[in-house]
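Enquirer: First, the structure itself, so that you have it in front of you.
Only the coordinates and a few stated rules stand behind these numbers; no lab work does. Computed from a prediction, not measured in an experiment: that's the story for all the values here. Glycine also receives a Cβ, built like all others from the backbone with ideal geometry; neighbour counts cover every protein chain displayed.
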Amino acid sequence: MATPTKTRIKTKAQLDVPQSRDEAAQYIRQFGDLQRKLLREQAEMNDAIAHITETYQPRLEVLKGDLGARQQGLQAWCEANRFDLTNGGKFKTANLVTGEVQWRQRPPSVRVSKPALVIETLKKLGLDRFIREKPEVNKEAMQADPEAVTGIAGITFIKGVEDFVITPFEQDAV
């Protein structure tokens, strides 16, 4: 077994420094040439990216449409057979040999429309604990005490939103 060699810290290469006013002027010209070449290369790269995007975008859109249709169809079937797939609701994941489907609850959230009006209403009702110093509506406090703000216009509690997730099983080549 070979012993590891020590890593050497290399010094930076010496700078190529002009030695006269004429050389400095030449460096400026070369600098300008390099800048223009860089811009041309970047433009060429962007042209190539635009061409690649133009070539693949329609094909990607078709694939996205196919995926969306396939997901909607699979979700419709799974929703219709959810009781059997989840063993009477005991599980949120169903294994279908080639992959699994899941039903996941999103955490509850608060949506505030017209925050200025809500803040004014909360102040009138003496519910300052739901107003941040900024001032802005404190949604976390509302979630902790929803009964206090029930019935206030512009506040809606959102519960029970679930996401449908499809995870195909795939093998990684080793």
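Enquirer: Give me the one-decimal Kirkwood hydrodynamic radius in Å for the chain, with the sum taken over alpha-carbon pairs.
Expert: 24.8 Å
Enquirer: Same structure again: Counting only other residues whose beta carbon sits under 15 Å from that of C78, what net charge do I get with K and R as +1, D and E as -1?
Expert: For residues surrounding C78, the net value is -1.
Enquirer: I've got another one for you. Any lysines with Cα under 28 Å of the K124 Cα? List them, leaving off those in the same chain fewer than 8 positions away.
Expert: Correct list for K124: K114, K134, K139, K159.
Enquirer: Looking at the square roots a ≥ b ≥ c of the eigenvalues of the Cα gyration tensor of the stretch 115-174, which shape do they give, rounded for a/c under 1.5, prolate if a/b is larger than b/c, or oblate?
Expert: Prolate is the answer for the stretch 115-174, as a/c is 1.5 or above and a/b outweighs b/c.
Enquirer: Quick one: net charge of G89's neighbours, Cβ under 15 Å, K/R +1, D/E -1?
Expert: Net charge in that neighbourhood comes out at +1.
Enquirer: Sticking with the crude label model, points 7 Å out along Cα→Cβ, report the distance from A76 to I49 in nm, one decimal please.
Expert: Roughly 4.0 nm, to one decimal.
Enquirer: With axes computed from alpha carbons, what is the tilt in degrees of helix 115-124 against the longest principal axis of the chain, rounded to the nearest 10 within 0 to 90?
Expert: It is inclined by approximately 50 degrees.
Enquirer: Roughly what angle does helix 21-80 make with the longest principal axis of the chain, taking Cα atoms, 0 to 90 degrees, to the nearest 10?
Expert: The angle comes out near 30 degrees.
Enquirer: Here is a further query. Add -39500 (n - 2.57) for each DSSP H run of 4 or more in the chain, then divide by its residues: what number comes out at 222 nm, to the nearest 500 deg cm²/dmol?
Expert: -16000 deg cm²/dmol
Enquirer: Please tell me the relative contact order of the chain in percent, rounded to the nearest whole number, where contacts are Cα pairs under 8 Å and at least six residues apart.
Expert: After rounding, I find 20 percent.
Enquirer: Here is a follow-up. Below 15 angstrom from the Cβ of E136, what's the summed charge of the other residues (Lys, Arg +1; Asp, Glu -1)?
Expert: So the environment of E136 carries a net charge of +3.
Enquirer: Could you check which residue among A116, A25, A144 shows the biggest mean-square fluctuation in a GNM of the chain with a 10 Å Cα cutoff?
Expert: Sorting by GNM fluctuation, first place goes to A25.
Enquirer: Same structure again: Evaluate the distance, in nm, between pseudo-label points positioned 7 Å from the Cα of L96 and of D84 along their respective Cα→Cβ axes.
Expert: 1.3 nm
Enquirer: Another question, then. Which one of A50, A94, A76 has the biggest mean-square fluctuation once the chain is modelled by GNM with Cα springs under 10 Å?
Expert: Between A50, A94, A76, it is A50 that shows the largest mean-square fluctuation.
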